1. Which numbered condition in (1) in contact (Cβ under 8 Å) with a residue 60 or more places away in the chain; (2) farther than 30 Å from residue 330 by Cα is the only one that residue 213 fails?
2. Could you tell me which residue of region 136-171 is farthest from the chain's Cα centre (by Cα), considering only residues that are farther than 13 Å from residue 205 by Cα and charged (D, E, K, R)?
3. Where the second residue is part of a loop (DSSP other than H, G, I, E, B) and more than 8 Å from the ligand (Cβ to nearest atom) and the first is under 14 Å from residue 243 (Cβ atoms) and lies in region 1-25, which pairs have Cβ atoms under 6 Å and are six or more apart or on separate chains?
4. Across region 464-475, what is the total count of residues that are near the ligand (Cβ under 7 Å from one of its atoms) and of a type outside the set (A, V, I, L, M, F, W, C)?
5. Restricting attention to region 1-57, which residues are touching a Leu at 6+ places or on another chain (Cβ under 6 Å), within 12 Å of the ligand (Cβ to nearest atom) and either at positive phi or β-branched (Val, Ile, Thr) (or both)?
6. Would you call residue 138 surrounded by fewer than 20 Cβ atoms within 10 Å (Cβ to Cβ) and either touching a residue at least 40 places away in the same chain (Cβ under 8 Å) or part of a helix (DSSP H, G or I) (or both)?
7. Can you tell me which condition residue 432 does not meet? The list is (1) of a type outside the set (Val, Ile, Thr); (2) within 12 Å of the ligand (Cβ to nearest atom); (3) part of a loop (DSSP other than H, G, I, E, B); (4) surrounded by fewer than 24 Cβ atoms within 10 Å (Cβ to Cβ), and all the others hold.
8. Going through region 344-362 one residue at a time, which ones are hydrophobic (A, V, I, L, M, F, W, C) and farther than 21 Å from residue 195 by Cβ?
Amino acid sequence: MYDAVIIGAGLAGLATSLRLRKRGLEVLVLEKNSYPGGKMHQYESKGYRFDTGPSLFTMPEYVNEIYELFDEDYRNYYDYIKHTESGRYFFEDGKQLTFYTDINALKKEISEKLDLNPDPVEDYLNRSAIKYNNIGSIFLDTAIHKTTEIPWGRVFKNTPLFMRSGLIKSLNQLNVKLLKDEKLVQIFNRHATYNGSNPFQASGILSMIPHLEQNSGTFFPKEGMKSIAEGLYKLSKSKGVHFKFNQNISNCSKDTVTGRYTTQAEKPYESKQLICAIDHLNFYKNILNDQKLYKKYKKQERSSSAIVFYWGIEKTFSQLGLHNIFFSKDYYKEFEQIFETKIIPENATVYIHISSKLNPHDAPDGCENWFVMINVPAGTEVDETTKQKVRKAIVQKIGNTLNCDIEKHIVTEKIWTPKLIEDDTGSYSGALYGASSNKKLSAISRHPNFSRKYNNLFFCGGTVHPGGGIPLVLKSASIVDKLVENDR
Ligand SMILES: Cc1cc2nc3c(=O)[nH]c(=O)nc-3n(C[C@H](O)[C@H](O)[C@H](O)COP(=O)(O)OP(=O)(O)OC[C@H]3O[C@@H](n4cnc5c(N)ncnc54)[C@H](O)[C@@H]3O)c2cc1C
């Protein structure tokens, strides 16, 4: 019998396994794939290496604190550098600008490229820091669905700031008010996509997100994003966490007398605590078979999904950096199509991540590895005709801006669609971040980190509180660790 069984060896499952192990628990992680990391995986073809999922790395200290728990130096497991840019932005009218993480370099760039007074951006980032440090940390570090866990003193102290934070405005409304210029507004609206949401609906409280990449910094793992998960896996193994791969869990039950869980894998595994580190909708629907809770949480709108092309490009482009954003002309229409009409946007914003810019080993000499992504509605079906249509539009859009026939330079290709994202990672409808944050109070309506119905059942990962993305997923592991300890 194990103290805890964790379903899912993505970042959340790995981080939680280590935290519980540190408390002396016997932990078993059950994973359906043959490898750990979940969305944080890689793909290789013809000398090109691609990270398949996340590409933007912020708040490395949340990873490193797990190594510190064991008095280990993270550099023995993975390493990273701080990058000077958070992204290069390309507009359809031909204007381009680089967002430097150094505020003076950024202000100079805004003055020169957009011919604007950059002070409102500095002011915005200062406000962003205050919101993150005072309000964000209350939500992100706490199991907010348990009143006994909430730091009420800090909540009351920060209530005035909370009311002024833009909570009841949309992110777009707040950005228009604070930044005015439409290009700056579009750049700062994009932060709603960091949790798969619509900036024209989601709360202005999301304006704390740029604090992470602009003030705290943007980082680059030297051996790729997958090294973050690989490092944690190596540490877990060395500290005695047990793993079983190729275990597609489809059943678990709770003994009403002993209170123990039995998770059915290649054989039944008993545990006192059960941790769901997979999408909670698929957990309720397919594993716990609690259709009532499945239906309840399914009502929440899903975050966006994505279509990703992994292109080996036999050429280099000096205009491009590590993160590149080719904006659509009409951002409102793009999100209206993703969340209201629920179709693939006709003119989608294209994101290109090129890790070979900082790690030349990721592509052959004179070549680049392009991770090319657009946001689409969760559950979008992509047949061959749709794929060709989307591909053609992206090739044309990038080609127009870079003045080059991109098609001629694609030497290897793979595509990830919402259906394949669901197949590979178990994310419901391929949604990247669970429920969307399109309602003003979304931050408090995400699935809790514990079950109100089943004792000793806990939830971590990108689909539950506090949210998706690497920093928040790691926070969820830390919250679950405290909840498990309190229960014991
Ligand atoms: C294309 C893409 C781009 C992204 N970009 C960024 C980014 O730039 N920055 C950022 O911070 N975040 C980004 N994210 C989000 C980030 O990747 C996720 O929030 C995070 O990796 C989620 O980790 P997780 O452990 O919660 O889930 P997952 O990584 O999905 O792990 C869940 C694990 O559970 C396993 N599993 C599922 N069902 C079962 C079952 N029935 N039995 C056993 N095992 C099961 C899966 O195989 C998987 O290994 C991106 C995601 C995607 C897909």
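The values are calculated or read from the model by the stated rules, or taken from the named source; none is laboratory data. All values derive from a computational prediction rather than experimental measurement. Virtual Cβ from ideal backbone geometry, glycine too; neighbours counted across all protein chains shown.
1. Among (1) in contact (Cβ under 8 Å) with a residue 60 or more places away in the chain; (2) farther than 30 Å from residue 330 by Cα, the lone unmet condition for residue 213 is (2).
2. Residue satisfying both the conditions and the ranking: 157.
3. These pairs meet every condition: 2/26; 4/25; 17/241; 21/239; 21/241.
4. Qualifying residue count for the region: 3.
5. 5, 7
6. Spelling it out, residue 138 is indeed surrounded by fewer than 20 Cβ atoms within 10 Å (Cβ to Cβ) and either touching a residue at least 40 places away in the same chain (Cβ under 8 Å) or part of a helix (DSSP H, G or I) (or both).
7. (4) is the only condition that residue 432 fails.
8. Going residue by residue through region 344-362, those that are hydrophobic (A, V, I, L, M, F, W, C) are 344, 348, 350, 352, 354, 358.
The answer is 354, 358.
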